[in-house]
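Written out below as C-alpha cells is the structure these notes cover.
The values are calculated or read from the model by the stated rules, or taken from the named source; none is laboratory data. These figures come from a predicted structure and were not determined experimentally. Protein only, heavy atoms only, side chains kept; ligands, DNA and RNA dropped before computing areas. Shrake-Rupley method; radii C 1.70, N 1.55, O 1.52, S 1.80 Å.
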Amino acid sequence: MKPVWTILAAAMAVVASAMAFAQSEETTSGEAALPSLIDLRQVTPVRGDPVAGKQKAELCSACHGTHGIAVVSLFPNLPGQHIDYLYWRLVAFKQGHFPESPMTPPALSLSDTDMRDLAAFYASLDPVAAQRAMDADPDAEPVVAEPAAPAVLARGEQLYRSGDPAKGIPPCQGCHGADVRGYAAATRPHGGGRMPFAAFPSLRHQHRDYLQTRLDAFRQQQRHATSNDLVMAHVGNRLDEESIQALAAWLSALPPG
C-alpha cells in the first residue's frame, strides 16, 4: 500500500489541476449559473457553540432524528462527525451547490453562526451514546438493513484498506483513516494555520443507502461543491457498482465506536 502522504499528495495534485480548470471555465464561459467551488485547501479551523447549536437543532431533527441518527436511510447520521466537514457541507447547501433537496430550505434560513453552532453540536455528540439513546427510545423507528454476505463485507474491507491497484482505486484509509474516523492528522495546522484535511469526513456509523448514493454520485461525476469533491470524483470514476456496494456494506456494518 502506498504511504498516506503519497496518496494525499496525489489527491492534492488532482485538486490543484481541477480547480485551475474550473476557474478557467468560469472566466471564459458567459454563464455563471453555479457558484464557485469551495477551496477547502485554504480553510482554518471551524469554531462554534455546541450549547447554542443544541437549541437550534430542532430544525434538523425532522430528518436526522432526535439523537442525530437519520430516520431515513438516504440521510446521514451526524453524531461525532467532524465539525469542519459538517460546517462546509451546510455552506455548500446554503450557497446552492446542489440541486433542490430537503436540505435546501433549512440551509437557506441559517446564518453563518447558526451553521457553526449546529456543526459544533453534532460534532460534540458521542455516536455510541447517541445510538444507545436511539435504541432505548420507544418512539424511534430505526433504519434496519439486511445483512450483507460475508464475501461482500470482505471485499469492502479490502477496498478500504488496500484499494484495487488493477483498477486504479486507492485505499480509502489514506484519507479517511485506518479507524474510518477521518485523516488522523487532520487537525494538525499547516502554514498560516490552514487545516486542509480537517474536512475529510468520518465514514463510520452511516446508513448503507446513504453511503452507496454518495459514492454513486461521485462515480457519475455529479455536481461538485468543494475541492474535496474533486478528489472523490477522481476516485469515483474508478469505482464500479460492485465496489460501491461492497464499500457501503462494510462501512455501514461498522459499530459507531
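Under the Kirkwood approximation for Rh and a Cα-based Rg, what ratio Rg/Rh is obtained for the range 185-257?
1.03
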Practice item. With a 1.4 Å probe and every protein chain kept in, tell me what percent of the accessible surface of the chain is carbon plus sulfur. Key: 57
Point to revise | For the chain, average projected area of the Cα convex hull in nm² | key: 14.2
Study note, to complete from the structure: Rounded to the nearest 500, the 222 nm mean residue ellipticity computed for the chain from DSSP H runs (n ≥ 4, each -39500 (n - 2.57)) alone is -15500 deg cm²/dmol
Review point. Just the accessible area per residue of the chain, please: how many Å² with a 1.4 Å probe?
Key: 50
Review point. To the nearest µm²/s, what D does Stokes-Einstein give for the range 145-242 at 37 °C and 0.692 mPa s, using the Kirkwood radius over alpha carbon pairs as Rh?
Key: 225
Exercise for review: Quick one: accessible surface of Trp250, probe radius 1.4 Å, all protein chains present, in square angstrom to the nearest 10.
Suggested key: 20
Exercise for review: Mind checking the full-extension length gain between Glu141 and His190? Use 0.36 nm per residue of separation minus the Cα-Cα distance, one decimal, nm.
Suggested key: 13.3 nm
Point to revise | Additional length obtainable on full extension of the chain from Asn237 to Gln55, 0.36 nm per residue less Cα span | key: 61.5 nm
Study note, to complete from the structure: Computed from every Cα-Cα pair in the range 47-108, P(r) in 10 Å bins starting at 0 and rounded to whole percents is 20, 58, 22, 0
